[in-house]
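The structure appears below as structure tokens.
Values quoted throughout were computed directly from the atomic coordinates according to the rules given, and no laboratory measurement underlies them. Predicted, not measured: the structure shown is a model, and the values here were computed from it. Note: ideal-geometry Cβ built from the backbone for every residue, glycine included; neighbour counts use all protein chains shown.
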Amino acid sequence: MKRHLALLLVGIFSFFVFLAKVQASERKMILRQAQERGRSSVAVEAYLIDDILEATIYARMYATKPKIFGVVLVGPKLGRLGFLTKEVLYPKAEEEDEEMVFPTKDVEGGYIRFSKRTQDKRTKGALTREMVKFKIPVKKIMPKKRYELRIKIESMQTPGKIETFNFPLKDFAQAFEQ
């Protein structure tokens, strides 16, 4: 009887410890933005879970299927940090038809442009989705420094021309201080 009671108490205690860890590791949104260049567009949703940066990348190209060529996290003391895992997210039929709206920056500039325009846009073209995870060395993150996510895409039909999209991670270091 005492042994069963002790096992029950140990089980309840371990459950509450597990529950506290799950609640402590909440997702913090770091970035939700899209950029468009010509007929190519890339959108990123990035979340910070403890010391793991989880980024879901949506790439679209008009009249061709894009390939996400490379994803790198760049910053001081980090250098160019490669991803830990990469997973291709295959869209279902209803998700393919569903248009996702992101705050989009037009990175093509004219002769005179004083600021980049930001507006909510629906992207068009063939969709490629991937999720990458970065293991962040927390001791190397410096406050008030600039970190960015660099994504390179190319066409699967006509490889060779690689386009690079840079996404600055604002308040990235401050997310670790909390």
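On full extension, the segment bounded by LYS140 and ALA126 gains 1.3 nm, given 0.36 nm per residue less the C-alpha separation. Label-to-label distance for VAL74 and ARG39 is 2.7 nm, based on points extended 7 Å past Cα in the beta-carbon direction.
Going down the table (LYS77/LYS161; LYS67/LYS133; LYS28/LYS161; LYS135/LYS161), which pairs top 27 Å between alpha carbons?
Check vs 27 Å cut-off fails for LYS77/LYS161; LYS28/LYS161; LYS135/LYS161.
Computed from the C-beta positions of ALA63 and LYS170 and an R0 of 41 Å, the FRET efficiency is 0.75 to the nearest 0.05.
Applying 1/(1 + (r/R0)^6) with r as the Cβ-Cβ distance of GLU177 and GLU87 and R0 = 30 angstrom yields a FRET efficiency of 0.55. Cβ crowding within 10 Å, taken as a proxy for footprinting-reagent exposure, orders ASP51, ASP171 from fewest neighbours to most as ASP171, ASP51.
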